[in-house]
1. What FRET efficiency comes out for the pair residue A:218/residue A:37, r = Cβ-Cβ distance, R0 = 41 Å, nearest 0.05?
2. Quick one: which residues, 5+ away or cross-chain, put their amide H under 5 Å from the amide H of residue B:328? H built at 1.01 Å from N.
3. Explain nothing, just the number: relative contact order of the range A:74-163, from Cα pairs under 8 Å at least 6 residues apart, as a whole percent.
4. I'd like the interface area for chains B and A: accessible area of each alone minus the complex, both sides summed, 1.4 Å probe, protein heavy atoms only. What is it in Å² to the nearest 100?
5. Identify, among C:265, C:248, C:278, the residue whose Cα sits farthest towards the positive end of the charge dipole of the range C:239-285, taking +1 on the Cβ of Lys and Arg and -1 on the Cβ of Asp and Glu, with the dipole about the Cα centre.
6. Excluding ligands and nucleic acids, what accessible area in Å² is computed for residue B:313 using a 1.4 Å probe, to the nearest 10?
7. Once you keep just the Cα pairs under 8 angstrom separated by 6 or more residues, what percentage relative contact order results for chain A?
8. Once the piece of chain linking residue B:322 and residue B:39 is laid out straight, how much longer is it, given 0.36 nm per residue of separation minus the C-alpha distance between them?
Amino acid sequence: MAQKQVIQQPGLPLSDPTQPSTTVDLEIASQWKLMWWKFRKHKLAMAGGIVVLLYYFVAILAEFFAPSLPTTYIDQYVFAPPQRLQFFQDGRFDPFVYGYGFERDPVSFKKTWLVDEETVIPVGLFVRGDEYTMYGLITSDLHFIGPEEKGQPFYLLGSDKSGRDIFSRIIYSSRVSLTVGLVGVAISLTLGILMGGLSGLVGGWVDNVIQRLIELLMSIPNLPIWLALAAVVPIDWPALRVYFMTTLILAVIGQYSWTYMARVVRSRFLSLREEDFVLAAMLDGCSTWRLIFKHMVPSFLSHIIASVTLAIPGMIIAETALSFLGLGLRPPVVSWGVMLQDSQKVGLIATSPWLLYPGLAVFIVVLALNFFGDGIRDAADPYH
Amino acid sequence: MADQTPNTEPVDAAEENILLDVKNLKMFFPITEGIFSQVKGYVRAVDDVSFFIRRGETLGLVGESGCGKTTVGRCIARAYEPTGGQVLFHDNGRSVDLAQMDRKALGPYRKDIRVIFQDPYSSLNPRMTVFEIVSEVLKVNKLIPESEFEQRVAEIIQLVGLRPEYIRRYPHAFSGGERQRIVIARALVTEPRLVIADEAVSALDVSVRAQILNLMEDLRQRFDLTYLFISHDLSVIRHICDRVVVMYVGQVIEVAGVNDLFTTPQHPYTEALMSAVPILNPRQRHLQKRIRLEGEVADPSNPPSGCYFHPRCRFAEAKCAVEKPPLRKLANQDRYVACHFAEELDLQGAVMT
Amino acid sequence: MTDPLVEIKDLRIHFFTDEGVVRAVEGIDLNIKPGKTLCVVGESGSGKSVMALSLLQIIHKPGQIVDGQILYHRGRVAGGQFSQNGAVDIASLNRKGRDIRSIRGAEIAMIFQEPMTSLSPMYTVGNQVMETIRLHEKGISKKEARERAIDILRRVRIPKPERLIDEYPFRLSGGMRQRVMIAMALSCTPSLLIADEPTTALDVTTQAQILDLMLELQQEFNMAIMFITHDLGVVAEIADDVAVMYLGNVVEYSDVDTIFNAPEHPYTQALLRSIPKISATRQPLDMIEGMVPSPFRRPGGCPFHPRCTQALASCSTVVPSLTTLHENHIVRCLLHEETGEEVPRG
């Protein structure tokens, strides 16, 4: 403008006495900051977030946190019950577990486990144990927790049918089960944004075709199609390829697949198209590309993140269910679903209920993810 | 369907001071049905509208909801692609038809015609700072070097009465009135020739409305702006406009200077509008002789025959149901009306308070 | 002075939000006279709608009536005759109790700004009007209810009510929907009708029709109307008495003539000066300085003092009390505290 004069009218906000400077923080806060402030107030979501972070942290360093390898077994300790970790010995802090003893029922010859209070197995942090190679890079035998003497029985959550440590196997499983969620959601997100964006922005027959396709996919019953696809996967495929196949199947078909994402994205584009600020940007002369990525996508990115967080637990559950039925991952891959296969026999659960612990692991992380996602969703719109 | 004779040319050929000349503008929206979106008919939102805006004047565009006034504004700003007609923009000796231009050719004219929106909450992107919002048009059109953005934005923000320090803030830090100042800053940052204000003060509090109206008038004088002021609020129209276009069901029914329109309306619908203006003095309540319009506003997808207003008009005669009255210039006056009997009727103006 | 139908005494309604306490209503004293129209005028954040909701005990969480009384004199009609039932303090009633439910809808009815959101899209107009009638008059037959519904629709000047009664709300225009809402509100002949911005979403010509209709029905049904609006034009047209609200307070209360021709509170005066007049030409409007403060930053003392041109030094600290200037004219401003007599707090 040519003139630099200020319009001096009394009482314009130039000298607004109702705005103390202490609130400046709030006024220049970006959407992410506002979201974080709001999220922080949501106690349950914060707790959920911390649990989720812990899970992923442990999963990343599974070799270190697991007391033993998933394949390590001691054949005399089959279906051994969980040991209780004792913290104090003779009045001072010195954690240990008691050893196992057993007796046979004279009539049925059934083996009954006992706690042998005579045998004390000292437990330590940062102990040497089984040797492992992490991500093919670091070779070490350092474990976060374990028996101080290698080879001693240490079953915090009991052992399975081969005498393997369930606790260690749950930790190893989390790596597979948690990443199936992430990778699966990443695939469905990419597909969903692409298809939903096309559908919402181009409209017309493109929208029509995509919407009918989504309806078609959504009306296929999940389980039978998974069964069929699982049957097609050759038995001799390497574990890694089966893993990717499983995530792909989950990402393309199912309740939390790309169809769900595509619908979220499409509806966002449709409602944003009506917003005055998008019209204003168009009248500013923005190109379609800029309109989408500068003005529209940032407005619903936080919603997408919330949807993603809420889709991950669905994926985890689906993987668990699939593997449980023997359709997804198979041994020797360890995942929570694979582990739960052992608990298919009701008789075994009656005698060895600790076989259900992988289910508890699933339960906790799914709950935590849901709380976390809810919190993000509530915080995603800091302007309402 | 009504007869299709186009309205007569309302522009005085001798008139030279015209900035924008809208001729026979049409905007039809298709009504679709079924999975495969077959077109079942059209909503004739703007149906053969002609008027012009003189340089430096404030032209009011008034009518009730659904009359097409917002659509007219958006066609001129080219948010929509008009179905037909011309929008002639005269500037610097050139004349161009904006109505039929493609998006690329429109580029240079985006900075000349700017829009102020109604809702100061939905018209500012909550994810962008004031600086980003106001400088967007400078950036995408490369109007000035990027190094000068900050100074320009700070200047314009100051001109609309906000502190220049505020440009790093997000819209959520501002009240409705302050947001509307930002919207005005965004419109004026390109030094436009024409500003389309679409219900610019309707969403604001009473005490803030006066501030924004004064600001707009002040800026108009300062920058020699021309306003197309779209509103349903007759007292605001009365306050800020020089001339007024009255619309009913997608058509212009009267164009007149603001004083003439309010004191001696020539169209029965205008008279009904004037009689509905609230009287601001309780002592003058008895002066009001309110004209009760019978029935409902016509459906723009299925308008009545002849004059669209005839089913509700208290003066309607047989001719009105058959023949559509053209918008015609009244002899020796700078006003236009679309009524067969404009000269014969003696209509009441608004009660002056 | 006629005896009031409703007496609001020192009413306070606070909203306990995560961001802090919003004092939406901060000490309102107000009388509603039987058979008269009280206009409550104020800008956004003045607390006018919240106050109206409290009369029906439909304040939603996190809002809460924290103090004050709403004395409703049941059965009192225009003319000032005393009721048999005595007064009920609505503020102290249980929100879900039997007492308030017998008042809500039947004796105090309410209509809202956007009729479409108040009408169910799933039922015909007739279903909804009949539902209201049958809810409050047990034992009425379906046929009778239908006849009553048609009758009440006719009384709100709906053309061909026999046909319209079987239509769904989305088929009606905004003005027709508002008529249906009024019909539903009137179906139990309430003694008080609360109208919260009922014409704001309507066009001027439709607004004029609805206002006329309401005044006619007021005569016919002999009810009091509390009309909430921000539009001073509407106030001038229909009010008997006017209460001007600002940030949770009634700053001035008087009859409509006094408010428009001899206002005493600086806010009322400024508000009246700031609206464009039909007769005026293009003079700059007188403005009220600044903005309505955020509800979280309610100024201390008189809440209007930061925007007041006549503010005294003490205005920022002293909360002005109600001062009666003369009969039926009460103002809450320090400028008038010495001249008038103070109203004792009930």
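The values are calculated or read from the model by the stated rules, or taken from the named source; none is laboratory data. Quantities reported herein were computed from a predicted structural model and do not represent experimental measurements. Please note: Cβ atoms are built from the backbone with ideal geometry, for glycine as well, and neighbour counts cover all protein chains shown. Surface accessibility is based on the protein's heavy atoms, side chains included, excluding ligands, DNA and RNA. Shrake-Rupley method; radii C 1.70, N 1.55, O 1.52, S 1.80 Å.
1. E(calc), rounded to 0.05, equals 0.65.
2. Amide H neighbours of residue B:328, under 5 Å, 5+ apart: B:337, B:338, B:339.
3. 36
4. Heavy-atom accessible area buried at this interface is about 4200 Å².
5. In the range C:239-285, that residue is C:278.
6. 30
7. Reported as a whole number, the value is 21 percent.
8. Taking 0.36 nm per residue and subtracting the Cα distance, the gain is 99.1 nm.
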